[in-house]
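Colleague: Below you will find the structure I want to go over with you.
The values are calculated or read from the model by the stated rules, or taken from the named source; none is laboratory data. Note that the structure is a prediction, hence the values are computed from the model and not measured. Cβ atoms come from the backbone with ideal geometry, glycine included; neighbour counts cover every protein chain shown. The area values use the complete protein model at the heavy-atom level, side chains included, leaving out ligands, DNA and RNA. Shrake-Rupley method; radii C 1.70, N 1.55, O 1.52, S 1.80 Å.
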Amino acid sequence: MLRNSKKRKVKLRKSKKQKVTEEEAPINKLPDAVLVKILSLLPTEEAFRACVISKKWQTLPTLIYSFNFNCSEYREREDLSFIHNALEHSRSSTIEKFELDLTECMDLCQLDYNLKFDFDFLVNRCCSFAVERNVENLVLGLYSPEACPLPESLYTCSSLITLDVTLCCGFINDAVISWNSLKSITLGYVVFTDEDMVKLLSGCPSLETMELYRYDGFHRLEINSSKLKTLKLIDYGIPGVKDELDGVSGVRDELEIIAPHLQNLEISGDFLDVKCKLVDVSSVVNAKINYNNECINHVPNVNEEHNCRDYHQVLYSLIQENLQKLCYATELTIGNWFTQVMCMMQFKRIPLSDFHCKYLTLQLHMKKFNLYGVVGFLRASPQVETLSIDMQTMSLDDICNYVDNSRCNSELRDLAKGDNRDLQNCVSRLEFHNLKNVKIVISSKLCLKYHVKWGFKKLFKLSKFLLINASVLEKFIIISKRRRCETCSGNCLSKYLFLLAFKLLDCPRSSTNSVIIFQE
């Protein structure tokens, strides 16, 4: 009897414990508002799955105020059905953030017209749903930069604060944009006309930040608003989209930028043969110029000896003007391609105005940067106090297969000549009277155990040149950003950079107070 009673007691305890786990779990004691906030942070499909936890959770997903939907390539019909169902059951009166990503189904829409029609209907319904609930942050990944304009229901959404759109072709005809609260806009893989850009900028009186990446179509960007302070332009052109080239030569026009109140400007990435012209950027204090142009030798029927040479002359003059427009920026970042252009400009005796920047950053590639070009920028920056060099390398496969098709034979000859020059002799009597700090940061994809000579000879020559000519230098810092190499399973980068720093200790220095520091 005693033994049986103990068994019953144990069973009762187990039963009681199970009841506590199901009905009095700690998370169920949280207020509904907190639970809804937690669910709003999840992808919406996962949030709706939470309804099976208990009866208390069955209605919570319908109250979420942030939505995150996406359609995958292999289950697009199921995803479409779920999104419509979630919108149908939503009871939220306001939306903080709404995300819809259809980009994975871009190819399917080109093959299936019915699917494209369904996506058009979905995009319009989602946008109307979000606008009716005063959405503040909207992220749209659409499906075509050529045949998918922004839905008309968005054009007068006064509650929008941030907008991020991918794969879009501008606005419908006669659209009037009224985004009075919009402060930040990001557009990627978009085709916008000059008229679209005028509509956009005139309809966003509170806009502070604009970022465009992989864009095409417009040739003039005029920003007159005093509130828009930051502009980023990254990669001109969209892969796979037919280029609308101008003229029989197949060469594009210029991209003009007029932004007299702009303070932060970034132009980076691949600009193909589009000539970027800075007309007015007189208020810029922080500029990052890290884009590159291609020589037109790749264009059919272009005579390299004549057309190519004329193109270079026009391009170099344009770059000279652009750099002059940025000479009063206090922080300046220059990319690898510009060191090559500077090398060729010096050989052609094209003068460059002095920069007034105190902080200069050079974003270089270990194998492709040009020594003579780097020194040219340093010579034009007499007021620099801090020099940062961000150095990167390619993998071994990329290096072995690398062919610079963007350069013609004339340019390649000049670059080779610039790398082989004796820096100390060709730029005699050059001193950096204000340079106090040099920081070289290196991140390498290449295993250096057996390939330490790839480009590092130029780095040593540059480092030595700086030590000799920086008369008030205080710190020369070398930083390794990679501790362990995936190829040799060691810290080959750190070992090499430590040896580089040790070797520099024996180099002559004009500053007696300078120290060389190695960091991982």
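Colleague: Considering only protein heavy atoms and a 1.4 Å probe, what is the carbon-and-sulfur percentage of the accessible area of region 28-134? Let's see the in-between values first.
Modeller: Values: 3140 of 6010 Å².
Exposed carbon and sulfur together represent 52 percent of the surface.
Colleague: Residues with amide H under 5 Å of residue 99's amide H, sequence separation 5 or more or different chain, H placed in the peptide plane at 1.01 Å from N; which?
Modeller: 67, 68, 69, 139
Colleague: I would also like to ask the following. Pull out a ≥ b ≥ c, the square roots of the eigenvalues of the alpha-carbon gyration tensor of region 306-380, then state rounded if a/c is under 1.5, prolate if not and a/b is larger than b/c, and oblate in the remaining case.
Modeller: Working: a/c = 2.03, a/b = 1.32, b/c = 1.54.
Oblate.
Colleague: Something else about it: Using heavy-atom solvent-accessible surface (probe 1.4 Å) with all chains present, what is the largest-first order of 196, 101? Display every interim value, and only then the final one.
Modeller: Working: 196 10, 101 65 Å².
Greatest to least solvent exposure: 101, 196.
Colleague: List, in the order given, every pair from 232/367; 358/439; 232/277; 275/325; 358/481; 37/97 whose Cα-Cα distance in the structure shown is over 23 Å. Display every interim value, and only then the final one.
Modeller: Details: 232/367 27 Å; 358/439 14 Å; 232/277 15 Å; 275/325 15 Å; 358/481 25 Å; 37/97 12 Å.
Cα-Cα > 23 Å for 232/367; 358/481; rest within.
Colleague: Once the whole set of protein chains is in place, how much accessible area is left on residue 517, using a 1.4 Å probe, in Å² to the nearest 10?
Modeller: 50 Å²
Colleague: Run through region 134-230 and list the trypsin sites (Lys or Arg not before Pro) located in a DSSP loop whose Cβ has at most 15 other Cβ atoms within 10 Å.
Modeller: Values: sites: 183, 199, 214, 220, 227, 229; in loops: 183, 227, 229.
Within region 134-230, the qualifying trypsin sites (Lys or Arg not before Pro) (loop, at most 15 other Cβ atoms within 10 Å) are 227.
Colleague: What residues have an amide H closer than 5 Å to that of residue 388, excluding those fewer than 5 places away on the same chain, when H is modeled at 1.01 Å from N in the peptide plane?
Modeller: Sorted by chain and number, the residues that satisfy this are 360, 361, 362, 439.
Colleague: Can you compute 3J(HN,Hα) from phi for each residue in region 274-287, using the Karplus curve 6.51 cos²θ - 1.76 cosθ + 1.60 with θ = phi - 60°, rounded to whole Hz and x for Gly and Pro?
Modeller: 7, 8, 7, 10, 8, 7, 8, 9, 5, 9, 5, 10, 10, 10
Colleague: Is region 136-284 best put as rounded, prolate or oblate by its Cα gyration tensor, with a ≥ b ≥ c the root eigenvalues, rounded for a/c under 1.5, and otherwise prolate when a/b is larger than b/c, oblate when not? Don't skip to the end; give the middle numbers.
Modeller: Working: a/c = 1.79, a/b = 1.16, b/c = 1.54.
Oblate shape, in that a/c is at least 1.5 and b/c is the bigger or equal ratio.
Colleague: Here's another thing I want to ask about it. Which ³J(HN,Hα) values, rounded to whole Hz and listed in residue order, are derived for region 170-182 from phi using the Karplus coefficients 6.51, -1.76 and 1.60 in 6.51 cos²θ - 1.76 cosθ + 1.60 with θ = phi - 60°, glycine and proline given as x?
Modeller: x, 10, 6, 4, 6, 6, 10, 8, 9, 10, 5, 9, 5
Colleague: Would you tell me the accessible area of residue 296, worked out with a 1.4 angstrom probe on the heavy atoms of the protein chains, in Å² to the nearest 10?
Modeller: Surface open to solvent at residue 296 totals about 10 Å².
Colleague: Under a 1.4 angstrom probe, counting protein chains only, how are 77, 309, 407 ranked by accessible area, largest first? Could the numbers behind the result be given before it?
Modeller: On the way: 77 105, 309 135, 407 10 Å².
My answer, sorted largest first, is 309, 77, 407.
Colleague: Another one. How much of residue 487 can a 1.4 Å solvent probe reach, expressed as accessible area in Å² and rounded to 10?
Modeller: 110 Å²
Colleague: On the protein heavy atoms, probe 1.4 angstrom, tell me the percent of accessible surface of region 191-235 carried by carbon and sulfur. Can you show the working numbers first?
Modeller: Values: 880 of 1820 Å².
In region 191-235, the share of accessible area belonging to carbon and sulfur is 48 percent.
Colleague: Mind ranking 433, 356 by accessible surface for me, highest first, 1.4 Å probe? All intermediate terms of the calculation are to be shown ahead of the outcome.
Modeller: Details: 433 115, 356 65 Å².
Reading off the accessible areas and sorting them downward yields 433, 356.
Colleague: I've got another one for you. Can you run phi through the Karplus equation (6.51, -1.76, 1.60; θ = phi - 60°) for region 47-58 and list ³J(HN,Hα) in whole Hz, with x for Gly and Pro?
Modeller: 4, 6, 5, 5, 5, 8, 5, 6, 4, 4, 8, 5
Colleague: Skipping prolines and chain starts, which residues have an amide H placed within reach, meaning under 5 Å, of the one on residue 166, given they are 5 or more residues away or on another chain?
Modeller: Excluding prolines and chain starts, which carry no amide H, the hits are 140, 141, 142, 188.
Colleague: If you filter region 466-509 for trypsin sites (Lys or Arg not before Pro), then keep DSSP loop positions with at most 10 other Cβ within 10 Å, what is left? It would help to have the intermediate numbers written out before the result.
Modeller: Working: sites: 475, 481, 482, 483, 484, 495, 503, 509; in loops: 481, 482, 483, 484, 509.
When the trypsin sites (Lys or Arg not before Pro) of region 466-509 are filtered for loop state and at most 10 Cβ neighbours within 10 Å, 483 remain.
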